[in-house]
Amino acid sequence: MRKILYCLLLGLCVAGCSESPEEQPDNADSTGAADVTAEVEAFYAANPDFFSFKSPADLPTGLVWENNDHLPEIGSPEAVKGGTQNAALQDFPRTLRTVGPDSNGGFRTFLLDDTTMTMAHVHPDTRDLYPGLAESWAIDEESRTVYVKLDPAARFSDGEAITADDFLFMFWFYRSPYIMAPWYNNFYSTTYSNITRYDDHTLSITTRELKPDLDERVLLLRPIPQHFYTDMGEDFAERYQWRFEPTPGAYVVRPEDVRKGRSIALTRNKDWWAKDKKYWRYRFNPDRIQFTVIRDDAKTFEAFKRGDIDQFGLGLAEYWYEKLPDSDPDVQAGYIHKVMYYNQRPRPNFGLWINTAQPLLNNQDIRLGINYATNWSLVIEKFFRGDNTRMNTSHEGFGEFTHPTITARAFDIDKAQAHFAAAGFNTRGADGILVNAEGQRLAFTLSTGYESLRDVLTILREEAAKAGLELRIEVLDSTVGWKKVQEKQHDIFFTAFGVFLELYPRFWEHYHSDNAYDKAFLEDGSVNPERKLKTQTNNLESFAIAEMDALIERYRRSSDQDEMVRLAHQMTELHHAHASFVPGFYQGFFRIGHWRWLRYPEGFSQKHAAGPGDAFVHWIDTDMKTETEAARREGKAFDPVITVYDQWAE
Amino acid sequence: MLNLTPQTRKKLRRFRQIKRGYYSFLILAGLSALLACGELLINSRALVVSYQGELYFPTYGDFHPGTDFGLDYQYETNYRELQTRFAAADEGDWLLLPLVPYNPYENNAAGGVFRPLPPSAEAQHYLGTDTTSRDILARLFYGTRIALLFALGFTLSVYLIGIAIGCAMGYFGGIFDLALQRVIEIWSNVPFLYMVIIIFSVIPSTVAVPTRISILLLVMVLFSWTGMTYYMRTETYKEKARDYVAAARIIGASNTRIIFRHIMPNVLSTLITFMPFTVVAAISAITALDFLGFGLPVPTPSLGELLKQGTANLRTAPWIVISAFGTLVALLTLVTFIGEAIRESFDPKTFSVYR
């Protein structure tokens, strides 16, 4: 039913998009929202252990304040501010909120992840923390507390000062039921145990457990502007659907730039408070980043080749080798530069997520059979041309946290058949697909939201048929596909989660029974026969094993890195044995093509970056753009630039 | 032998005289015959296998696992490999492959990686391969077959519903006509494309491919029969007032008999005239839906899907779009020529009034 509604919405959106984004009620009390100031105060008062109010005199003595001002600069002093960067979006963002329903879309990167400022940030080259909103910080491991002095100059984009209050409010906000985001509700109520306000610009935050990455846990928090979220209520999602939250970062979305369904733009805040700060001054250079919705990859590429779009990701072999080969006239003439960067970071977990709540798929033999019947090595070798690497577990690139010995099950028709036979599928039907004694066919739907990777699935399908397994392929629009898995309606889904640059992998989100069922187990530990699937969580495998729950809880409580490594390995082994995930592939690099006027710092290759735009160090050289356009008209060529930065190759 | 009235015979003769339409008809008929026995021409299964003195005909019927021919796997035999194997072993076994020894689904990476390969007679990919190294000729061939079958089913269903309801409206008239007209007006204002998209998004993908195609057909028919009723209704109105209908009624003929035996033959020219254009509309619609990704389920071969691939690889693999577009143009042109010829030969007014 929701799908129908969604399609209707999509249809409406495509057919007749309203031009003015300012339709949201600003003052509607009739809709049930009210000024929440009193509610927030009451919440603080009701949780005195969590929210403390002290004076600067109460600060412990002997704290060692640090601010890591010795790290290398990010970006290049050559960078010039100005110009417009043109980019494409495949889907128009479903909302401008960064939390709540539909907020976890691709555009969030530009609203929040890559553009906002937190108290400190992870340096893309060294992995050390460098200051953002914090002027300095002090860590007290014994009390699991991080003390922070905020930069008094820090301002939101609407000019309001950023104070400790915005961090207190952040905890209320993320724990509020209004935002309809269970992950946030849970994370912010279980990870932290206290926030103390000493004065406007001094605060401390304590975590519940001592974790090896205590500093990052606290310093990567961001303030939520209390003055913006004054009217909160049940209608939060609709009320803030198209309102841009004031940001401490450099880019804002202006209401007049939101053309629903068509385009959206980021505009550089010229009075950005951090514009002259070390680590920040050479970044966020283009005055405007214009995103146009182009639904079709092929069209986006043509737009790029015309020069309407400044940069294009050439991750797929098809683009790197065929559509923009080194011999391409634009590359040879030096108009378009091709660059490949190797990197080292946690890898997105591309693979097949098997919904173990579905009939047949709840049988481990069937799942093992599916594991053996998927020919990833063929996909990697022939479709990706050997550029990609097979994932072995669902957590690759986490250093010692990644299991050292487990390898993914290789394509093996005999083993697959043996497992299918064990599950009762031992005779082949007229078309070669296995059937069981009741005449049921061994067929599952393999869905994906990745239009560009549909070929991967057709290859897997052909190979799986050899083992007697039929995979029915369903290629969905990315948001429709996401909707489908969030409602746990899939059989097998091909997708990947973006992974943050974190020290250790997360298990709770994907493997805890809390995220699979409303009440997975009864008091005595047995399976609850009446349990219902929990929707809107990232446990796509409906993975619920009591043993795993216990391990996850120990892992979340543990403060000892060695123990955590051990637990991570144990959980990975359990997950591997459960066979509910078929590890796919990862790309140990990223590669792009960009017009020469989009410039990157000399020799730029960040070890831990996920993409070239992560840190916004690029700039638009408008003179060079004019020069290039003239050169194209006159047929003048420059030196071709094809670079491979392999210093971080694994 | 068909017992044709002199009038019909005259019409057919006239049709044969219109060379463009007549030849188009012959070509299309020949093509349909080829498509009907397509498995014998384009298929990865061998036509005949002679193994250890026994003859096998794998084209139709159940699949033969590799073990049937002394191979060590239980999945469908790869007959191309088997052929080379037989040749190498030289034990008197032989097999005969179809002209194009590929099926429309298999990824045959001749170059080692999956990518579009240009047409090559040597590799027997006469129109090249698509982005995942599937034979384009095979995909086009079976795609066309599905499109034509689809169009046929569509036309028949639309005609059946359209004629029945249209005639009834015209014949009975009055309140019945008035009410049904309003219903049709409302019904025909439901946006067809959105309905297809919505209905298709709720059909669970566990439904088998042929069923999904039938559902798509059903949805399209449901939203397309209305146009036909208008023509039938007016024609029937006109015929109903004629003397022969009154005469038939006086003799005591039933309504059904009057409609189907007396009125129908007289409005046939209208019906037949529209038929080819309905076929064209059906082919275009299914292709467009496929192009948009709402048509036949992946990986069913289809013209629309090939067109989409072709437009996505315009620079690097022009042969994809050329083949798909060429086929579509040829098909639609043939049907349109036939349609024009039929209209000219079956519609007496064209001669009496305009010539």
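At a threshold of 40 Å², the residues of the range B:104-128 that become less accessible to a 1.4 Å probe in the full protein assembly than in their chain on its own are B:107, B:113, B:114, B:115. In terms of its C-alpha gyration tensor, the range B:169-307 comes out prolate, because a/c is 1.5 or above and the ratio a/b outweighs b/c. Beta bridges from DSSP with both residues in the protein assembly as shown: antiparallel share about 75 percent, rounded to the nearest 5. In this label model, residue B:85 and residue B:8 are separated by 5.5 nm, measuring between points 7 Å along each Cα→Cβ vector.
Label point of residue A:362 set 7 angstrom out along Cα-Cβ; within the range A:462-499, amide nitrogens under 19 Å from it belong to A:487-493. Per residue of peptide A:463-476, the mean number of Cβ atoms on other chains within 10 Å of the residue Cβ is 3.
Remark: the range A:220-233, residue by residue, has Karplus-estimated 3J(HN,Hα) of 8, 7, 10, x, 10, x, 5, 5, 8, 9, 7, 9, 10, x Hz, where x stands for each Gly or Pro and the curve is 6.51 cos²θ - 1.76 cosθ + 1.60 at θ = phi - 60°. In degrees, nearest 10, range 0 to 90: what is the angle between the Cα axis of helix B:19-36 and the longest Cα principal axis of chain B? Approximately 50 degrees, to the nearest ten.
Of the two radii for the range B:44-97, the radius of gyration is 0.91 times the Kirkwood radius, both from the alpha carbons; that is the Rg over Rh value. In this structure, the amide hydrogen of residue B:94, modeled 1.01 Å from its nitrogen in the peptide plane, lies closer than 5 angstrom to those of B:50, counting only residues at least 5 positions away or on a different chain. For residue A:315, the residues whose amide H sits under 5 Å from its own are A:591, ignoring neighbours fewer than 5 places away on the same chain, with H placed 1.01 Å from N.
Shape of the range A:530-589 from its Cα gyration tensor (a ≥ b ≥ c, root eigenvalues): rounded if a/c is under 1.5, otherwise prolate when a/b > b/c, or oblate?
Verdict is oblate for the range A:530-589.
Sort the range A:134-244 into rounded, prolate or oblate with this rule: let a ≥ b ≥ c be the square roots of the eigenvalues of the Cα gyration tensor; rounded if a/c is under 1.5, and if a/c is not under 1.5, prolate when a/b is larger than b/c, oblate otherwise. Taking the square roots of the gyration eigenvalues as a ≥ b ≥ c, the range A:134-244 is oblate. Report the local net charge at residue B:85: Lys and Arg +1, Asp and Glu -1, summed over other residues whose C-beta lies under 12 Å from its C-beta. In short, -4.
Calculate the translational D of the range A:33-268 in whole µm² s⁻¹ from Stokes-Einstein, where the hydrodynamic radius comes from the Kirkwood formula applied to all Cα pairs, the temperature is 37 °C and the viscosity 0.692 mPa s.
So the translational diffusion coefficient is about 172 µm²/s.
For chain A, carbon and sulfur atoms together expose 49% of the accessible surface, with a 1.4 angstrom probe and every protein chain in place.
Here is the interface size for B with A: some 3100 Å² of accessible area buried, both sides summed, with a 1.4 Å probe.
When each of the peptides A:309-321, B:11-23, B:37-49 is scored by how many other beta carbons lie within 10 Å of its residues on average, the order from highest to lowest is A:309-321, B:37-49, B:11-23. Neighbours of residue A:408 by Cβ distance under 14 Å: Lys/Arg scored +1, Asp/Glu scored -1, total +2.
Hand me the GluC sites (Glu not before Pro) from the range A:554-633 located in a DSSP loop with no more than 10 other Cβ atoms within 10 Å, in residue order please. Don't skip to the end; give the middle numbers.
Details: sites: A:563, A:573, A:602, A:627, A:629; in loops: A:602.
Sites meeting the loop and neighbour criteria: A:602.
How large is the Kirkwood hydrodynamic radius of the range A:391-549, counting all unique pairs of alpha carbons, in Å?
In the range A:391-549 this quantity evaluates to 18.0 Å.
Other residues with beta-carbon under 13 Å from the beta-carbon of residue A:170 carry, at +1 per Lys or Arg and -1 per Asp or Glu, a net charge of 0.
Considering the protein assembly as shown, its Cα convex hull presents a mean projected area of 52.4 nm². When shorter helices are ignored and each DSSP H run of at least 4 residues is given -39500 (n - 2.57), the per-residue value for chain B at 222 nm works out to -20500 deg cm²/dmol.
Using a cutoff of 8 angstrom between alpha carbon atoms and counting only pairs six or more residues apart, the relative contact order for chain B works out to 20 percent.
What does DSSP give for chain B in terms of the percent of beta bridges that are antiparallel, rounded to the nearest 5?
Expressed as a percentage, antiparallel bridges in chain B total about 90.
The residue A:630 and residue B:325 beta-carbon pair, evaluated with R₀ = 51 Å, returns a calculated FRET efficiency of approximately 0.90.
With R₀ set to 56 Å, the beta-carbon distance separating residue B:22 from residue A:637 gives a calculated FRET efficiency near 0.45. For residue A:194, the amide hydrogen comes within under 5 Å of the amide hydrogens of A:206, counting only partners 5 or more places away or on other chains and with H modelled in the peptide plane.
When both the range A:426-490 and the range A:92-152 are represented by their alpha-carbon centers, they are found 39 Å apart.
Listed by chain and number, the lysines whose alpha-carbon sits under 29 Å from that of residue B:308, ignoring those within fewer than 8 places in the same chain, are A:3, A:260, A:299, A:305, A:323, A:338, A:382, A:466, A:483, A:484. Listed by number, the DSSP H helices of chain A that run 24 Å or longer by alpha-carbon position along their axis and have mean Kyte hydropathy of at least -0.5 come to an empty list. Over chain B, accessible surface divided per residue gives 50 Å², non-protein components excluded, 1.4 Å probe. Each residue of the range B:250-342 gets 113 Å³ once the volume of the Cα convex hull is shared out per residue. Taking every protein chain into account, the accessible area of the range A:33-268 amounts to 37 square angstrom per residue (probe 1.4 Å).
Here, the range A:196-307 yields an orientationally averaged convex hull projection of 12.0 nm² when only Cα atoms define the hull.
Taking each residue in B:310-322, count the Cβ atoms of any other chain within 10 Å of its Cβ, then average. What number comes out?
Details: counts 1, 4, 9, 4, 3, 8, 7, 2, 0, 0, 0, 0, 0.
If you average over the peptide's residues, the count of other-chain Cβ atoms is 3.
Couplings 3J(HN,Hα) of the range B:213-218, computed from phi: 5, 4, 5, 4, 4, 4 Hz, in residue order, whole Hz [Karplus 6.51 cos²θ - 1.76 cosθ + 1.60, θ = phi - 60°; x for Gly and Pro].
Our analysis of chain B gives Rg over Rh at 1.07, with the two radii drawn from alpha carbon positions and Rh computed by the Kirkwood formula.
Shielding by partners for A:454-462, please: the mean number of other protein chain Cβ atoms within 10 Å of each residue's Cβ.
Neighbouring Cβ atoms belonging to other protein chains average 5 per residue here.
Placing a label point 7 Å from the Cα of residue A:497 along the Cα-to-Cβ direction, the residues of the range A:532-555 with a backbone N closer than 17 Å are A:534-545, A:548-555. Over the range A:251-379, what portion of Cα pair distances is larger than 19 Å, expressed as a whole percent? Cα-Cα pairs in the range A:251-379 separated by more than 19 Å: 72 percent. A protection proxy built from the mean count of other Cβ atoms within 10 Å ranks the segments A:281-289, A:400-408, A:630-638, most packed first, as A:281-289, A:400-408, A:630-638. Helix-only arithmetic for chain A: the sum of -39500 (n - 2.57) across DSSP H runs with n ≥ 4, divided by the residue total, places the mean residue ellipticity at 222 nm at -7000 deg cm²/dmol.
Taking a straight line from the alpha carbon of residue B:10, these lysines sit under 19 Å away, with near neighbours fewer than eight places off in the same chain left out: B:19, B:349. Peptides A:115-122, A:586-593 ranked from most to least packed, by the mean per-residue count of other Cβ atoms within 10 Å: A:115-122, A:586-593.
The values are calculated or read from the model by the stated rules, or taken from the named source; none is laboratory data. Here the structure is a predicted model, which means the values were calculated and not measured. Please note: Cβ atoms are built from the backbone with ideal geometry, for glycine as well, and neighbour counts cover all protein chains shown. Quick note on the areas: whole protein, heavy atoms, side chains included, nothing else; ligands and nucleic acids left out. Shrake-Rupley method; radii C 1.70, N 1.55, O 1.52, S 1.80 Å.
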